[in-house]
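Each remark here refers to the structure printed beneath this line.
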Amino acid sequence: MLAFIFVDHLSETYEALTLQQLAVPILLGAGWGIAQILFGVSVKRLGLGIAYAIIVGLGAVLEHWSHSLFNKGARPGTCANTDLERRRGHVARNCLDRVERSNQRTCGGDS
């Protein structure tokens, strides 16, 4: 409802899409909803700790595989993955910088 209020010409945008372009997000959204229900069931049956560990592990594996599927099998360093790798590298550098600054404060700085 909010999309129709805030987005100009939304109905024309949807009319311009093919059936496949509409079906993919709808099916992925339905899959996400089913996954959320099953996550709740698994937490109830297994407990939060073990269920969360299993779900996060499976999510990491499926995320890795989905990048290969949706990027047409792109390997690290190719054009399809460079933006993602750049963002991951930026996050890793920020974390390392914070650890280094923290170590300098606790250890008395550089010798």
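Bear in mind that the values in this text are calculations on the coordinates, not laboratory data. Just so you know, these numbers come straight off a predicted model, no measurement behind them. Counting neighbours? That spans all protein chains shown, and the Cβs are built from the backbone with ideal geometry, glycine included.
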Q | Near-label residues of region 1-38 by backbone N, under 15 Å of a point 7 Å along Cα→Cβ of Arg45 | A | 35-38
Q.
Can you tell me the mean projection area, over all orientations, of the convex hull of region 22-70's alpha carbons? Units nm², please.
A. 3.6
